[in-house]
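We did not get these values from a lab; they are worked out from the coordinates using the rules stated. Keep in mind it's a predicted model, so treat the numbers as computed, not measured. Ideal geometry is used to build each Cβ from the backbone, glycine not excepted, and the neighbour counts take in all protein chains shown.
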Amino acid sequence: MPEEVNQKDGDVRGGEWMKEAFFAAADGAYRPLEQSRGYWKRDSLHGRCVVGLLGYEMERLHGVPGFVPARLSVDMHSLAPFAPVRIETKLVREGNRLRLVEAVMMADGVEQARAQLLLLRAGEAPPGRTWAPEPWQVPSPDSITPYPDPAGVRMFDWRPISGDLRTFGPRQVWSREYHALVEGVELTPWARIALHADFASPWTHAGDAGIQYINCDVVLHIHRLPVGEWIGMEATGHEASQAIAVGHSRVYDEEGPLGHVSITALANRKRRP
């Protein structure tokens with residue numbers, strides 16, 4: 001379960017300054033704080049915060065020791081407004097080896113997003129070998145110079161290994177969060193990777209002309225929880241036609257691969273303030 005921490009004036013974690021959280025909890029709702037404003041429209045919520053908060057709330061209410069949150073799928077069918085949100089959850093299936101949870105995010109009395117969380121009981125691996133692509137062999141995040149952020153507006157500590165959001169070619173990156181998700185609550189390993197999953201959209205779909213696609217969903221698959229603060233992301237595919245794009249990224253921690261994220265997106269232009 002999440003642990004309470006003092007974040008009134010910010011905490012130092014891993015040598016980095018932890019900034020204000022994305023949300024404050026009050027009266028059964030979550031009030032967005034300034035840094036959760038969206039990329040596409042200023043009076044909206046950032047997709048990372050929508051996905052992260054849905055994942056966090058389903059784990060908080062329905063997580064069980066011994067079960068791994070193996071799949072999180074989030075449909076973001078609306079651009080959620082910058083307003084207090086409530087999350088309603090339902091335990092659909094409670095089995096010995098499988099638990100299935102559904103959730104909806106409401107703002108201003110209107111559904112903004114819905115999600116499913118599949119939790120599977122951890123156990124002993126079966127015998128035999130199964131083929132899989134070799135994991136990346138990359139420098140440790142501590143050996144990479146942080147990406148410059150002179151305005152101090154980036155949402156996380158970003159350590160690109162190869163590529164960038166405006167380059168054409170392979171992309172690999174290490175990142176760790178600057179912000180807690182909910183004020184006064186330390187990030188759990190699951191909340192950390194759920195909050196990070198939406199970043200697969202720009203990391204996969206951005207091109208040499210910048211970010212031109214807005215994602216409509218996020219599907220995160222993992223076979224174990226991350227260890228430590230750092231999450232690695234490697235863009236492994238992007239295909240598009242008719243203004244529709246599909247993409248996927250492999251995700252890592254410092255101990256190795258965790259799973260992958262897939263994204264469906266539509267061509268879009270950022271709205272100016």
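Rank these for me by crowding, 269, 192, 224, going from fewest to most other beta carbons within 10 Å. Going from sparsest to densest Cβ surroundings: 269, 224, 192.
Could the peptides 133-145, 237-249 be put in order, highest first, of the mean number of other beta-carbon atoms found within 10 Å of their residues?
237-249, 133-145
The tail of the calculated P(r) for region 46-200, taken as Cα-Cα distances beyond 21 Å, holds 58 percent of the pairs. Volume of the convex hull of region 158-273 (Cα atoms only), normalised per residue: 116 Å³. Using just its DSSP H runs of length 4 or more, each adding -39500 (n - 2.57), the chain gives a mean residue ellipticity at 222 nm of -3500 deg cm²/dmol after division by all residues. Taking the Cβ of residue 116 as the centre, find all other residues whose Cβ is under 14 Å away and add up their charges (Lys, Arg: +1; Asp, Glu: -1). Neighbourhood net charge equals -1.
Taking every C-alpha pair closer than 8 Å and separated by at least 6 residues, the mean separation divided by the residue count of the chain gives a relative contact order of 20 percent. Counting Lys +1, Arg +1, Asp -1, Glu -1, what net charge surrounds residue 28 among other residues with beta carbon under 12 Å of its beta carbon? It works out to a net charge of -1.
Legend: translational diffusion of region 26-68 by Stokes-Einstein, Rh = Kirkwood radius over C-alpha pairs, 25 °C, 0.890 mPa s; D = 206 µm²/s.
Charging the Cβ of each Asp and Glu at -1 and of each Lys and Arg at +1, and nothing else, the dipole of the chain about its Cα centre rounds to 720 debye. Its alpha carbons considered, region 172-223 gives a radius of gyration followed by a Dmax of 13.0, 39 Å. Among 230, 203, sorting on how many other beta-carbon atoms sit within 10 Å of each Cβ, with the fewest leading, yields 230, 203.
Mean sequence separation of contacting Cα pairs (under 8 Å, at least six apart), scaled by the length of region 142-266, corresponds to a relative contact order of 23 percent.
Hydrodynamic radius of region 206-273 by the Kirkwood approach over all distinct alpha-carbon pairs: 13.3 Å.
The overall shape of region 110-210 is oblate: from the C-alpha gyration tensor, with semi-axes ordered a ≥ b ≥ c, the ratio a/c is 1.5 or greater and a/b is no larger than b/c. Cα-based radius of gyration for region 37-101, normalised by 2.2 N^0.38 Å, reads 1.29.
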